Each structure stands twice: as C-alpha cells, then as structure tokens.
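Heads up: the structure comes next, in structure tokens.
Please treat every number below as a calculation from the coordinates, not as lab data. Keep in mind that what you see is a predicted model, and the values were worked out from it rather than measured. For neighbour counting, all protein chains shown are included, and Cβ atoms are generated from backbone atoms with ideal geometry for every residue, glycine included.
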Amino acid sequence: MNNGQQSIFQPVKPTIVFVSNGITPYGTHYLERISAELPEFTLRTIYSYQFSMGHWNVKLPSAINAIIFGEGEDVTNLGGLISIRDSFKRYQQIVTEIKTLSPVAVIILGYGNLAHFLTIKWCHKNSIQCLLSADSNILGDNNTGIKA
C-alpha cells in the first residue's frame with residue numbers, strides 16, 4: 001500500500017488435495033509433515049474411508065484439513081458387485097469435493113480402489129495435475145512366483 005498500511009487482503013494460497021483410503025498414524029504423520037514443509041500451499045485431505053490397515057485411534061491435526069467420507073467404514077471390507085456401485089458413489093463424492101476446492105494438484109495415496117482410479121481419470125480429463133503415491137510393500141511382503 002502507498003501510505004505504509006498493510007492490505008487487509010491476504011493472497012490466496014494454492015490448494016493441494018490428498019486423497020487417501022483411510023486414516024493411519026503413519027499417513028497422518030506424512031500429511032502433517034507435508035503441510036509443515038509446504039507452507040505456501042493449503043493442504044486438504046479427503047479420506048475415502050475411515051479405516052485402512054487397522055482401526056487406528058488417530059487424532060487428525062487441523063493442519064491437514066481432513067474430511068472423511070465413509071465414517072466407520074473400512075476399505076478392506078470392499079468386495080463383490082455392490083462394492084463397485086459404492087465405489088462409484090464414493091468417486092462422485094470425491095470429485096464433488098475436489099471441484100469445490102479448485103486445487104492446483106491432486107495426490108492420490110494408494111491405487112487399490114476403484115474410486116481412486118476413477119478420480120485419476122477425472123483429473124486427467126479436467127486438466128488437473130494428478131500424482132499417485134503408493135507403498136505396495138508396507139507389510140514387508142516377500143511374494144514369489146506368479147504373485148511377484
């Protein structure tokens with residue numbers, strides 16, 4: 001401002017949206033660290049389900065700005081034809097939320113979910129930068145043969 005006064009308008013920080021299967025302590029720590037290390041961005045987190053890889057009692061830090069779809073639901077219980085319909089509904093919820101946030105990028109945490117796959121396709125179709133992050137061997141799997 002010309003007369004030494006500061007503007008009351010703060011520049012809007014660009015938003016990055018993380019989409020995760022469910023709440024885990026290591027995932028929450030990861031997102032909290034990302035938020036701390038990228039202060040020039042607003043971090044938003046969408047949890048597709050409440051539980052993933054166990055029923056953790058995790059307090060979500062305000063820094064990750066989390067929303068949980070599927071309160072009380074466990075991603076590991078998906079299966080059968082009904083889960084395809086439910087996953088499509090979850091995809092629609094995720095996309096609706098992403099549209100309201102207008103992010104510069106979406107980062108999908110995990111790929112073993114139809115809703116996440118469809119979200120990646122939607123981001124591509126709508127020219128939103130989309131990255132995939134996954135840890136396929138978190139359980140220390142030592143697959144051999146046809147599974148490897």
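Residues whose amide H lies under 5 Å from that of Thr15, counting only those 5 or more places away or on a different chain, are Thr42, Val104; hydrogens are built 1.01 Å from N in the peptide plane. If amide H atoms are built 1.01 Å from N in the plane of the peptide, which residues on other chains or at least 5 residues away come under 5 Å of the amide H of Leu132? Those qualifying (amide H under 5 Å, at least 5 residues apart or on another chain) are Ile108.
So, by mean Cβ neighbours within 10 angstrom, what's the order for 117-129, 83-95 with the highest one leading? If you can, show how the numbers build up before the last one.
Values: 117-129: 14.7, 83-95: 16.4.
Averaged packing, sorted descending, gives the order 83-95, 117-129.
In this structure, the amide hydrogen of Gln50, modeled 1.01 Å from its nitrogen in the peptide plane, lies closer than 5 angstrom to those of Gly72, Glu73, counting only residues at least 5 positions away or on a different chain. Here the 3J(HN,Hα) profile of segment 11-18, calculated from phi with Karplus coefficients 6.51, -1.76 and 1.60 at θ = phi - 60°, is x, 7, 7, x, 9, 10, 9, 9 Hz, Gly and Pro shown as x.
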